[in-house]
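Read through the structure below, which is laid out as C-alpha cells, and then see the notes.
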Amino acid sequence: MKLNVPNIRTFILGRYSSLLLILLCLFIFQPLVDTLGGRFLIEALFIGALIAGLRAIIIKRELFRFEVFLMIGSIICAYAGSMLNNTVLFMIGIAGESIFLTMVAMILLFDLFKAKKVSGDTLAGAVCVYLLIGLIWS
C-alpha cells in the first residue's frame, strides 16, 4: 500500500466528505439541542446522513435499489410511528435505518480495504466508518 500525503482538496471533494461533515454535525449538535426545533434539526441531519451514506457507497444497481427502498421505507415508518404515536411502527423504522447504516458501514469498510493508496478521502472514509459504528449503536 502506497502512502500519499493527503491534501485538503481531495478531502473536501471526495466521496466521503459530505458524510463525514454530516456525521460530525450530528454528533456535535445531538447533546446540545433539547427543543422541538432542535429535534427537527437532528432528524434532518440524520436523514442527511442517510442520503450522504447512499452517495458515498458504490454498489451494483440491484443492491442500490434495495438500499434506496430500505432507506425510504424506514424513514416513512419512523416518521409515521412518530406522528401516530405508534411505538411498533417507530421501532420498525429505527431498525430499518440501523440495518441501512450497517450496510453502508460494511460497504465503506470493504472499499477502504480495497484502496491501493491512502488519500485524504480514504482517511475521511475511515473516520466515517468509525462514526457510523457509534451512530448504529446509539
Subject >> Sites Lys117 and Ile51 - FRET efficiency at Förster radius 25 Å, r taken between beta-carbons, to 0.05 >> reply: 0.35
Original post:
Once whole DSSP H runs in the chain are found, which of them have Cα atoms spread over 27 Å or more along the helix axis and a mean Kyte-Doolittle score of at least 1.6?
Top reply: 87-114
Subject >> Ranked packing of 52-60, 77-85, most packed first, by mean Cβ within 10 Å >> reply: 52-60, 77-85
Original post:
Nearest 0.05, what FRET efficiency do Ile76 and Met106 give at R0 = 22 Å with Cβ-Cβ as r?
Top reply: 0.40
Subject >> Whether the range 10-138 is rounded, prolate or oblate, judged on the alpha carbon gyration tensor where a/c under 1.5 counts as rounded >> reply: oblate
Subject >> the range 86-138: trypsin sites (Lys or Arg not before Pro) falling in loop per DSSP and having at most 11 other Cβ within 10 Å >> reply: Lys116
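Only the coordinates and a few stated rules stand behind these numbers; no lab work does. All values derive from a computational prediction rather than experimental measurement. Every residue, glycine among them, receives a Cβ derived from its backbone with ideal geometry; neighbour counts consider all protein chains shown.
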